[in-house]
Amino acid sequence: MSLFSDLFLPHISRLKAYTPGLQPTETGWTKLNTNECGYPPSPRVAEALVRELEDGAASLRLYPNPTSAPVRRAIAAYHGQGLEAENVIVGNGSDDILNLLVRCLGGPGAATGFTYPSYSLYPVLVEIQAGHSRVIEFERSMELPVDQIAISSAKGFFLTSPNAPTGVSFANRQLEEILERFHGILVVDEAYAPFARENAVELLSRHPRLVVVRTLSKAHALAGIRVGYALGHPEIIASLDRVRDSYNVSRLSQVAAVAALGDVGYYSALIEKIKATRDFYRNAWMTKLGWFSFPSEANFIFVEPKAQNGQTGLVIAQSVYHHLLSRKILVRAFPNHPLTASFLRISVGTDDEMLLVHQALLAWQPTAPSV
Ligand SMILES: *Cc1c(COP(=O)(O)O)cnc(C)c1O
């Protein structure tokens, strides 16, 4: 019984907050646990921020553009394909955007759908609105359960593609099959799409019930600046606009976002480098260690550690996790579900970071008593 239990709504007292990956404050860690970019953002970002802070940061006296209008225009131009500023809403990270979507589509009496595994923030957002979650579980193959999603009665269905934490991407052909049959709004969370072969943006012009969510946190190396956005039909965007905070994106964030989106050359080279590193190590771990991983179209590798005797599972994955931790290498484990417990998710870092992980994995010896 808490002091205030008669004041807070009952579902708030029962809430469990989202658990983010560890963010250590000391230096010396190789941090490959939250899919941040191993490389810095475009130099144009720092230049633009310095310019914004001229005259003793005098501009910070003033509120930012309330609709992030310059960022919306930059995003529309960046994607092209007939998109206009009215097709875009900008948020304080894509988490803010996902929250706006659940505010509009979820809530008491409404069902919100998502798959398992996928981004574990969705159920938290649904519970905050006191809504119902409809969870569709993948099989071990991680193939998209198109039919189950298509017949779902959820008002909004959240699909991560490429998926987290598996890295598996879904084909536009499959998304279209869902869009043709599903009655709700299909939200495709494309946080990792810059690392994928295909993305759903081209489907927007044909499918008004599709919303594509993007972030600058991963491929644009700006997790600290908190900018994400959604692309969709102007009426959907207008609804999201009604429920957002009036100044939801700071001045500095808007400036950084416009500068980053303008430097396409820098980011295409960066993304190619990360993809090459990813494919090199995924292949090395399959051939040198014999460890299974799903084909990744993201900036991480979801890998299933295997002992010499062929054993895999939670105990083996935990043994590797702790071995890496003892070498100050941080990766992500998902011990709470049989579909994910035998795996570790390792973000693709710089060459130096990846070499450290690689050497540590080669040096791992199972320490668990059951092996
Ligand atoms: C990282 C991530 C986000 C969050 O992005 P922010 O813009 O930093 O809030 C959203 N969805 C997925 C699937 C992610 O992996």
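Here are a few things to note about the model shown:
- Per this entry, His358 is counted among residues that are in contact with a helix residue (DSSP H, G or I) (Cβ under 8 Å, 6 or more places away or on another chain) and either modelled with pLDDT of 95 or more or at negative phi (or both).
- Any chance Glu180 is among the charged types (D, E, K, R), assigned by TED's automatic domain parsing to the domain that holds Leu144 and open to solvent by 10 Å² or more (accessible area, probe 1.4 Å): yes
- Segment 28-96 holds helices (runs of 4 or more DSSP H) entirely within its bounds, and those carrying 2 or more residues that are of a type in the set (A, V, I, L, M, F, W, C) and touching a strand residue (DSSP E or B) at 6+ places or on another chain (Cβ under 6 Å) map to 69-79.
- Checked against the criterion of being assigned by TED's automatic domain parsing to the domain that holds Asp95, open to solvent by 10 Å² or more (accessible area, probe 1.4 Å) and under 24 Å from Pro20 (Cβ atoms), the candidates Ser141, Ser152, Ser161, Ser133 yield just one match: Ser133.
- Screening Ser319 against (1) touching a strand residue (DSSP E or B) at 6+ places or on another chain (Cβ under 6 Å); (2) among the polar types (S, T, N, Q); (3) within 21 Å of Gln359 (Cα to Cα) leaves a single unmet condition, (1).
- Filtered by the rule that a residue be more than 7 Å from the ligand (Cβ to nearest atom) and basic (Lys, Arg), segment 190-227 gives Arg197, Arg206, Arg209, Arg214.
- Hits in segment 199-214 (condition: in contact with a Phe, Trp or Tyr (Cβ under 9 Å, 6 or more places away or on another chain) and either open to solvent by 10 Å² or more (accessible area, probe 1.4 Å) or farther than 20 Å from Phe114 by Cβ (or both)): Arg209, Arg214
The values are calculated or read from the model by the stated rules, or taken from the named source; none is laboratory data. Given the structure is predicted, the values throughout are model-derived calculations rather than measurements. Methodologically, a virtual Cβ is constructed for each residue, glycine included, from the backbone with ideal geometry; neighbour enumeration extends over all protein chains shown. For accessibility, only protein heavy atoms count, side chains too; no ligands or nucleic acids. Shrake-Rupley method; radii C 1.70, N 1.55, O 1.52, S 1.80 Å.
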